[in-house]
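In what follows, a single structure is set out as structure tokens and then discussed.
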Amino acid sequence: MRRDFWRAGFVCGLSLAAGLWSAQAAAGSAVTYRVLHTFCKTATCNDGALPASAPTTDANGNLFGVTAAGGRFGGGVLYELFPRHGGERYFKHVLKMFCDPDTSCDSGGEPQAPPIMDVSGNLYGTTSSYIQSTCGAVYMKSVRTQLYVLHAFQGTDGCHAGPGSLVYQGSASGQAYDGASPLYGMTIDGGNNSSGTVYELTPPKPGRKTWSERVIYSFCHISDCADGVHPGGNLVMDASGNLFGGTADGLIFVLSPNGSGGFDYHAIHVSATGESYTGLVLASDGTTLFGVASKGGGSPAAGTLFSLASGSQYTLLHTFCSGGGSCVDGNGPTDIVLDSQGDIFGMTASGGANPAPPGVAATGAGTVFEYTHAGSFLTLYNFCAQANCADGGNPVGGLLLNNGSLYGTTAFGGSTANSTAGAGVAFELQQ
């Protein structure tokens, strides 16, 4: 049942309140870490549990995100964290409670992807389940009214939207979505060959209400699945409309507009070390991709950090768990962001210097890392550094870089007594 879909994703990644502050020296640099919110603060977890992605921000510094579980109906929540007193404290507001996939509910459930925001402040995102364990949906939560399902996947057009956010023209440069151009995304399963899809979702024409969806690629289309299976992580769209992504079986692809309204598929890199790609980001030059793989790269196959220049020139930047099996540098990177100087920031789902929260089947609680433009790898923070893992542990999403601070979430840990392993936290990290 799809009730266990997010759990399976978390376990795969791992086998692989407010006002708590701490400072930690890591690799010669000091960072300041604080918990903005601990999830599942009530026995019913109405505020959500197990956040699976980085938050999104608006111009006022408010943070918007999702949890994959919790809420009144058990299917997760869409939440807002808003700063008060100059950012000294953050308060939480639940914008929407999603439904358990086994109930007849038209909102969908178990969201994993971070929402995106348009120029009017509306939020768009995906759920991995939708009405009685089917294939998930794309939703819009408007500023003033309810949540609308823009499209419900039926299996043949895709199934189970993954952790990557929706993308659009201008998203790679940080522009807000205009609300009028097409949105693009991936599903892990479904399509013509049940191996996943890339889809396009187009807003309605003036005077109409219905969004239109079309599949622009179904994976395992080429003989022996040489085009890859089960796309994971996120899509990246460049200024020319090319879409870049990765698959679970170690392939990076591009879908390029062909001038006739369609897209042409090209494989631009195939891993020789069993990598499973989970995150890509486009550099400011518009031609270089940086990315991470959650596994592969050698023994013990704990993942890699790499660049891909000029379409296909692959460079291995770092192999995780490379410290003789101790994994002090982390195990299973999840996603990355770039700053204006070309420094790379990301997290690992496990590994690091501290044990995982009780009941979590992982070696280590995960890390926040930096790879500098000069080529140095630094561990900025080791999760579960505080007593009883009050600072959170085992992140499975990415990071938001905003005004010099990094914002993210952990799937487990936190100072709640309502879950053995903890239900996760939202945090801020400053250097």
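Each reported figure results from applying straightforward, stated rules to the coordinates on display, with no laboratory input. All values derive from a computational prediction rather than experimental measurement. All Cβ positions, even for glycine, are placed from backbone atoms using ideal geometry, and neighbour counts span all protein chains on display.
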Practice item. Please give, to one decimal in nm, the separation of the simple spin-label points placed at residue 223 and residue 205, each 7 Å out from Cα toward the Cβ. Key: 4.2 nm
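Starting from the Cα coordinates of the range 195-271, work out the convex hull volume and express it per residue in Å³.
Working: hull volume 8.4 nm³, N = 77.
Cα-based convex hull of the range 195-271, divided per residue, equals 108 Å³.
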Study note, to complete from the structure: With a Förster distance of 30 angstrom and the Cβ-Cβ distance between residue 317 and residue 180, calculated FRET efficiency to the nearest 0.05 equals 0.20
Check your understanding: Using helices alone, what [θ] at 222 nm do you get for the chain, with -39,500 (n - 2.57) per DSSP H run of 4 or more residues, divided over all residues and rounded to the nearest 500?
Key -> -1000 deg cm²/dmol
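Can you put 34, 89, 144 in order, fewest other beta carbons within 10 Å first? Present the calculation step by step, with values, prior to reporting the outcome.
On the way: 34 20, 89 12, 144 7.
Ascending number of Cβ neighbours within 10 Å: 144, 89, 34.
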Study note, to complete from the structure: For the residue 267, residue 212 Cβ pair and Förster radius 30 Å, calculated FRET efficiency rounded to 0.05 is 0.60
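Which of 260, 350 comes first, and how do the rest follow, when ranked by fewest Cβ neighbours within 10 Å?
Ranked by crowding around the Cβ, least crowded first: 260, 350.
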Check your understanding: Stokes-Einstein at 10 °C, 1.306 mPa s, Kirkwood radius from Cα pairs: D for the range 251-330 in µm² s⁻¹?
Key -> 116 µm²/s
Check your understanding: With point charges of +1 on the Cβ of Lys and Arg and -1 on the Cβ of Asp and Glu, referenced to the Cα centre of the range 2-430, which listed residue (197, 69, 135) lies farthest in the positive direction of the dipole?
Key -> 69
Revision key, fill the gap. Rounded to 0.05, the calculated FRET efficiency for the beta carbons of residue 430 and residue 154 at R₀ = 60 Å is 0.85
Study note, to complete from the structure: Of every Cα-Cα pair in the range 117-214, the percentage lying beyond 21 Å is 30 percent
Exercise for review: Could you rank the peptides 207-218, 357-368 by their average count of other C-beta atoms within 10 Å per residue, with the highest value first?
Suggested key: 357-368, 207-218
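Taking the square root of 5 times each eigenvalue of the Cα gyration tensor, what semi-axes in Å does the equivalent ellipsoid of the chain have, largest first? Kindly include the intermediate steps, with their values, before the conclusion.
Working: eigenvalues 172, 139, 82 Å².
The answer is 29, 26, 20 Å, longest axis first.
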Study note, to complete from the structure: Partner lysines whose C-alpha sits under 26 Å from that of residue 141, ignoring same-chain residues fewer than 8 away, are 41, 92, 96, 205, 209
Check your understanding: So, in nm, how far is label residue 89 from label residue 310 when the simple model puts each one 7 Å beyond its Cα toward the Cβ?
Key -> 5.7 nm
